[in-house]
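Peer 1: Please read through the structure below; I'll follow up with questions.
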Number of protein chains: 4
Amino acid sequence: MNDGPDIEGGGNAKTVAANQLRAFIERVERLEEEKKTIADDIKEVYAEAKGNGFYTKAIRELVKLRKQDAGERAEHEAIVELYKAALGMA
Amino acid sequence: MNDGPDIEGGGNAKTVAANQLRAFIERVERLEEEKKTIADDIKEVYAEAKGNGFYTKAIRELVKLRKQDAGERAEHEAIVELYKAALGMA
Amino acid sequence: MNDGPDIEGGGNAKTVAANQLRAFIERVERLEEEKKTIADDIKEVYAEAKGNGFYTKAIRELVKLRKQDAGERAEHEAIVELYKAALGMA
Amino acid sequence: MNDGPDIEGGGNAKTVAANQLRAFIERVERLEEEKKTIADDIKEVYAEAKGNGFYTKAIRELVKLRKQDAGERAEHEAIVELYKAALGMA
DNA sequence: CACTGGAAAATGCCGC
DNA sequence: GCGGCATTTTCCAGTG
């Protein structure tokens, strides 16, 4: 029923697998903590901007636009090719 | 413990709430079925296009681009205002 | 055997392909509109349920459960329990 | 009292605001990059677990469970069970 | 048939 | 406190 890593196998394979599982989970949890810390930092920046009289929503939009624009040039260059492909002119 | 709609309340309120709950769920299920039907129709269209020699991925991309462009003009017209707002020039 | 819709042919094959492409795209767009309408209907149902005091998160869960096949649900649960045991989680 | 960062003031207040705006945006962008790095690390951990034969979906579920407060988990479960009972679902 | 990428759903956040 | 929105996570089809 289980082709996983021998958690229910005989011997001490079970223990090994359990330890491994625990290790994976703890690594994930550690990383998620770090991620949350950074997310909080971002919130602080926005709060600070707001405290300086900036309109937060607009700043968020600008950040988003700049992110889009980054990937967009490459995409726009690809559009001509895209149309050709769509028309079967590959 | 529960400020929901009297499912555990005395009298026949329980029955009423259960019927109501069932009704909501069935409405959702019915709608999800319809939605799935349409999703399948969309897949069929793509399959047909593919059968006609078109490059499906490109068509998907074009559909997406057209959708973006729709909302985008309004947005671009709003950007100047946005920058002003971001600079506190509201 | 057919690498694209009539590109190689002379005459207005390209125009034909473009028209066909447009037709496919429009069919998809029409269907996606319908799909969105239904998605909105579903949201409305949940909103109405909420307005009647129900806990929508639980309703969503029930809808999902009812959709799942009993067998796969059991199997999934078995694995989770197995891992829990490995971690010493009651 | 201060509706925006020094717009009303004479001189180069506008430039100051623009610089400040740029600074906020760059701080956010820097942090979002870091956040993405960590998110990628998390994906890697799951990939590695998978490579070791683990069922990642179950691991994700465990991580979520461990994060949840026991009390709210119980409450949520209680409501789901209540609704199940109302629907006659074993 | 496992993997990647993209759509759909769910969660959480922000502003009102 | 709630509704709407954006992000995140989950799921699934398509692909090699």
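Values in this text are rule-based calculations from the coordinates and carry no lab data. Note that the structure is a prediction, hence the values are computed from the model and not measured. Glycine also receives a Cβ, built like all others from the backbone with ideal geometry; neighbour counts cover every protein chain displayed.
Peer 1: Partner chain Cβ atoms within 10 Å, averaged over the residues of A:12-24 - can you pull that number for me?
Peer 2: Numbers: counts 0, 0, 2, 1, 0, 6, 6, 2, 6, 10, 4, 2, 11.
The mean count of partner-chain Cβ atoms within 10 Å per residue comes to 4.
Peer 1: At a 10 Å Cβ-Cβ cut-off, how would you order A:ILE59, A:ILE42, fewest neighbours first?
Peer 2: Values: A:ILE59 21, A:ILE42 18.
The fewest-first ordering by Cβ neighbours comes to A:ILE42, A:ILE59.
Peer 1: Give the order of C:LEU21, A:LEU82 when sorted by the count of other beta carbons within 10 angstrom, beginning with the fewest. Numbers along the way, then the final one.
Peer 2: Values: C:LEU21 21, A:LEU82 18.
Final ranking by Cβ density, sparse to dense: A:LEU82, C:LEU21.
Peer 1: Sticking with this one: What are the label-to-label distances in nm, one decimal and shortest first, from C:LYS14 to the same spot in the other copies, with labels 7 Å along Cα to Cβ?
Peer 2: Ordered by distance, the counterparts are at 4.8, 7.1, 7.5 nm.
Peer 1: Go ahead and set up a Gaussian network model of chain D, Cα springs under 10 Å, then flag whichever of D:ALA39, D:ALA47, D:ALA18 fluctuates most.
Peer 2: For chain D, modelled as a Gaussian network with Cα springs under 10 Å, the answer is D:ALA18.
Peer 1: Also, quick follow-up: How tilted is helix C:13-51 with respect to the longest principal axis of chain C? Cα atoms for both, answer in degrees (0 to 90, nearest 10).
Peer 2: 20
Peer 1: If you line up the long axis of helix C:70-87 against the longest principal axis of chain C, both from Cα atoms, how many degrees apart are they, to the nearest 10?
Peer 2: Once rounded, the angle reads 60 degrees.
Peer 1: One-quarter of the Cα convex hull surface for chain C, in nm²?
Peer 2: Details: hull surface 49.3 nm².
Average projection, Cα convex hull of chain C: 12.3 nm².
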